[in-house]
Amino acid sequence: MTTSIAPGFERDILDQPDALERCAGLPLPPAIAALDFARFDRIILTGMGSSDYVTIPLELALARLGLPVWRLQTGRLLETPQLIRPGTLLWITSQSGRSGEVVALLERLPAGHGATVVATTNDPASPLARGADHLIELHAGAEATVSSKSYLNSLAWLHRVGAPLRGEADHRAVETIRAVATSLRSVVQTPNPAVQALAERILAFPNPRLALVGTGEDAATALTGALILKEASKVSAEGYVGGEFRHGPMELAGPGLAVLLLGSAEAANPTLDRLARDLSRSGSIVMGIGPHAYEGAEPIALPGASNFARLAHAMAVLQQLSVCLARGSGLVPGEFRFGQKITALL
C-alpha cells in the first residue's frame, strides 16, 4: 500500500495505482458482464463534469458499432426527460452518487418508466446506487478533494465494460489495468521535469491560460483535464474536442496561451498536426502529450500502447501539472475556495 504524508489531492494522486489494483482484482458484476447493448432501443450515458466525460470512450465504442447512443450531461437530460422511455438503457455515472442533478433525475423518473438503470459510483449507499437496477462500485476509496482516483477507476471499469465491444475478453482488459497500475506507480512518485518546466513557463505569463484539445477517446482527457486544472490550480483552462478549437478559440492564440494536444498514435492526425503548426507560429506554447510527435509541438511522451494506458498516463501528467501550477502560485493543490467535493445544488 502506498503511504505518504502529502496532503489531500497529492495523496490521492499517489494512491491511484492501489485504487486501480482494486478494480482489477474484482469481478465484473454478473448483470453487467451479461449486458447486451444491442437489445436496447436507445442508450443514454449521463453524468456531470468528469463523470460525463469519462464515458466518451464507451460512447465512441457503441457509436462505432452503429448502436443508438446519446451522451448527455445530466442537467441537459433533466430538460429532455422524454428521451427516457421503455427500452432505454440509462447509464448514470456519479463518483459521489449524490450530485444534485443525478438525485433530481432519479426523483423525476416516473413509476413504470421501463428503462434499465445502471449506476457507476464510488458510494454503494448513495441515492444513485439505491435507485439503480445494476451497480458498478468504483472501489476507489475515500477521496479528499478534486477527482483523481475516482476518475481513473471509472475509466478502468468502463474499459472492462467495453471489452466485448472491442472483441476482447475481460481478463485481457484486467491485464491492461494491472499493467497500467504498475507503470503509473513510478510515474506518480517521481515528478516529471518536463511538467515542472512547463508549469514555470506558463506561470511566467501575467495572465496565463490553457487550452486542452483532444480527439477521439482523448477528448475525455482534454475535457476532464481542463476541469482538474481549474479546480486544483486555479489557472484558466478550457477543454475542446478536435476541430472545435478553430471555431472561435483560435483567436486567443499567441503569447500567454499554452495548448496541450492529446491524441492517439495514429501516423496522421490532420486536425492536431495543423493546429500544432499554426499555434506554434502564433507564439503559443504547444505541447503534444501522447505517442505522436506533432510538427511544431514539444513532446511529452507517455508509456503504454493501449487506449486505456494512454488515457491514464495523460491524466497523470495533467494532475502533476495542476500540482506544479498550484504550488508555483503559492496555493494548496486541490484546495476548494468556493466549491466543494460534492455539488449537491442544482
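The values are calculated or read from the model by the stated rules, or taken from the named source; none is laboratory data. These figures come from a predicted structure and were not determined experimentally. We place every Cβ from the backbone using ideal geometry, glycine too, and count neighbours over all the protein chains shown.
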Just checking, how many residues over segment 153-175 are part of a loop (DSSP other than H, G, I, E, B) and out of contact with any Pro (no Cβ under 7 Å at 6 or more places or on another chain)? 4
Applying the selection to segment 176-197, what residues are free of Cβ contacts under 8 Å to residues at least 60 places away in the same chain and in a helix (DSSP H, G or I)? SER186, PRO193, ALA197
Would you check if SER96 is surrounded by 17 or more Cβ atoms within 10 Å (Cβ to Cβ) and at pLDDT below 95? yes
Condition check: in contact (Cβ under 8 Å) with a residue 40 or more places away in the chain, more than 15 Å from LEU318 (Cα to Cα), assigned to a helix (DSSP H, G or I) and within 21 Å of the chain's Cα centre (by Cα). Does GLU217 satisfy that? yes
Taking first residues from segment 293-310 that are over 30 Å from CYS23 (Cβ atoms) and free of Cβ contacts under 8 Å to residues at least 24 places away in the same chain and second residues anywhere that are buried (at least 17 other Cβ atoms within 10 Å of the Cβ) and among the polar types (S, T, N, Q), the pairs with Cβ under 6 Å that are 6 or more apart or on different chains are GLY296/SER280
Picking from GLY225, GLY239, the residue that is in a strand (DSSP E or B), not assigned by TED's automatic domain parsing to the domain that holds ALA156 and not aliphatic (A, V, I, L, M) would be GLY239
Which residues, taken from segment 280-310, are more than 15 Å from LEU198 (Cβ to Cβ) and aliphatic (A, V, I, L, M)? ALA293, ALA305, ALA309
Would it be correct to say that GLY304 is surrounded by fewer than 17 Cβ atoms within 10 Å (Cβ to Cβ), on the phi > 0 side of the Ramachandran plot and not assigned by TED's automatic domain parsing to the domain that holds ILE177? no
Looking at (1) of a type in the set (Gly, Ala, Ser); (2) under 28 Å from ARG11 (Cα atoms); (3) surrounded by 23 or more Cβ atoms within 10 Å (Cβ to Cβ), can you tell me which one SER236 breaks? (3)
Is there any pair with a first residue in segment 141-164 that is within 17 Å of ILE56 (Cα to Cα) and aromatic (Phe, Trp, Tyr) and a second that is modelled with pLDDT of 95 or more and assigned to a loop (DSSP other than H, G, I, E, B) whose Cβ atoms are under 8 Å apart and which are 6 or more apart or on different chains, and what are they? TYR151/VAL54; TRP157/LEU138
When segment 230-241 is checked residue by residue, the ones that are of a type in the set (A, V, I, L, M) and at pLDDT below 95 are ALA232, VAL235
